[in-house]
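The values are calculated or read from the model by the stated rules, or taken from the named source; none is laboratory data. Note that the structure is predicted; figures quoted are calculated from it, not measured. Cβ placement follows ideal geometry from the backbone for every residue including glycine, while neighbour counts extend to all protein chains displayed. With ligands, DNA and RNA removed, areas are computed over all heavy atoms of the protein, side chains included. Shrake-Rupley method; radii C 1.70, N 1.55, O 1.52, S 1.80 Å.
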Amino acid sequence: AESYWLDGIRAAHVYRYVFDGAQFAAWAQAEGQYVSADVVHPQQVELIDDRARLVMAAAEVVLLASGTATLECMLVRRPMLVAYRMNPLSYVLVSRMLDVPWVSLPNNLLGRQQVPEFLQADANPDNLSVELLGLLRQPERAEQQVQPFAAIHGDLRRGSAARVADIVLETVNATHAN
């Protein structure tokens with residue numbers, strides 16, 4: 001019922017805007033917020049939908065659905081949170097089929113909840129905005145979240161991608177055997 005905002009996000013495009021910095025004055029400079037007394041027109045607008053990794057790397061915090069995008073975000077070492085909503089009946093069926101403690105790959109690879117996950121009714125604007133603002137306003141918290149990502153990145157670069165694939169296959173096979 002409250003998925004209209006999620007549908008809007010899925011349909012959205014990502015643009016990069018370039019402005020003349022001289023048109024702005026600091027409002028809350030510590031938080032990177034600036035204001036202009038005049039109407040400001042961008043000098044350049046660029047569609048960047050196809051460069052997710054670049055956008056993630058430039059972001060202060062990333063909001064993602066679960067999936068390989070969480071792994072990509074982890075590899076560029078950006079703080080994130082995961083939100084996912086699906087049809088309630090589908091959620092019940094999928095929950096019974098999969099035997100993993102978390103939906104995000106970083107959490108499953110680390111064996112603990114490092115990345116906040118908001119599923120179903122918990123994936124709502126109030127919860128997400130509180131968590132996003134918390135990561136933005138508390139850089140030490142964001143840094144604490146991404147700190148373990150370096151070790152996983154190193155493991156993946158040392159050929160353990162095959163080990164991760166084996167673990168995923170074992171989990172899927174064990175789930176189907178039950």
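Looking only at segment 82-104, count every residue that is of a type outside the set (A, V, I, L, M) and either touching a residue at least 60 places away in the same chain (Cβ under 8 Å) or in a helix (DSSP H, G or I) (or both) and tell me the total.
Looking only at that region, the number is 7.
Could you please let me know if Leu64 is hydrophobic (A, V, I, L, M, F, W, C), farther than 23 Å from Glu170 by Cα and modelled with pLDDT under 90?
When the stated conditions are applied, Leu64 passes them.
Determine whether Ser104 is of a type in the set (Ser, Thr, Tyr) and under 23 Å from Ala58 (Cβ atoms).
In short, yes.
Select from segment 58-97 the residues that are open to solvent by 50 Å² or more (accessible area, probe 1.4 Å) and within 23 Å of Pro148 (Cβ to Cβ) and list them in ascending order.
Ala58, Glu60, Leu63, Thr68, Glu72, Arg77, Arg78, Tyr84
Step by step: first the residues of segment 144-168, then only those that are among the charged types (D, E, K, R) and surrounded by fewer than 12 Cβ atoms within 10 Å (Cβ to Cβ), then the one that is modelled with the highest pLDDT. Which residue is that? Can you show your working first?
Taking segment 144-168 first, the residues among the charged types (D, E, K, R) are 155, 157-158, 163, 166.
From what's left, surrounded by fewer than 12 Cβ atoms within 10 Å (Cβ to Cβ): 157-158, 166.
Numbers: Arg157: 68, Arg158: 66, Asp166: 72.
Per the criteria, the residue is Asp166.
State yes or no: is Arg78 basic (Lys, Arg) and either assigned to a helix (DSSP H, G or I) or free of Cβ contacts under 8 Å to residues at least 12 places away in the same chain (or both)?
When the stated conditions are applied, Arg78 does not pass them.
Could you check how many residues of segment 98-118 are farther than 16 Å from Gln147 by Cα and of a type in the set (D, E, K, R)?
Number of matching residues: 2.
Would you call His176 modelled with pLDDT under 90 and under 19 Å from Cys73 (Cβ atoms)? Outline the logic, then answer.
Values: modelled with pLDDT under 90: yes; under 19 Å from Cys73 (Cβ atoms): no.
Spelling it out, it is not the case that His176 is modelled with pLDDT under 90 and under 19 Å from Cys73 (Cβ atoms).
Looking at segment 58-68 only, could you name the residues that are under 11 Å from the mean Cα position of the chain (by Cα) and on the phi < 0 side of the Ramachandran plot?
Hits for segment 58-68 are Ala59, Glu60, Val61, Val62, Leu63, Leu64, Ala65, Ser66, Thr68.
Of all residues in segment 115-136, count the ones that are open to solvent by 40 Å² or more (accessible area, probe 1.4 Å), modelled with pLDDT of 90 or more and not hydrophobic (A, V, I, L, M, F, W, C).
Residues flagged as open to solvent by 40 Å² or more (accessible area, probe 1.4 Å), modelled with pLDDT of 90 or more and not hydrophobic (A, V, I, L, M, F, W, C) within segment 115-136 amount to 2.
Asn107: open to solvent by 40 Å² or more (accessible area, probe 1.4 Å) and either assigned to a helix (DSSP H, G or I) or touching a helix residue (DSSP H, G or I) at 6+ places or on another chain (Cβ under 6 Å) (or both), yes or no? If you could, list the steps in order and put the result at the bottom.
Numbers: open to solvent by 40 Å² or more (accessible area, probe 1.4 Å): no; either assigned to a helix (DSSP H, G or I) or touching a helix residue (DSSP H, G or I) at 6+ places or on another chain (Cβ under 6 Å) (or both): yes.
When the stated conditions are applied, Asn107 does not pass them.
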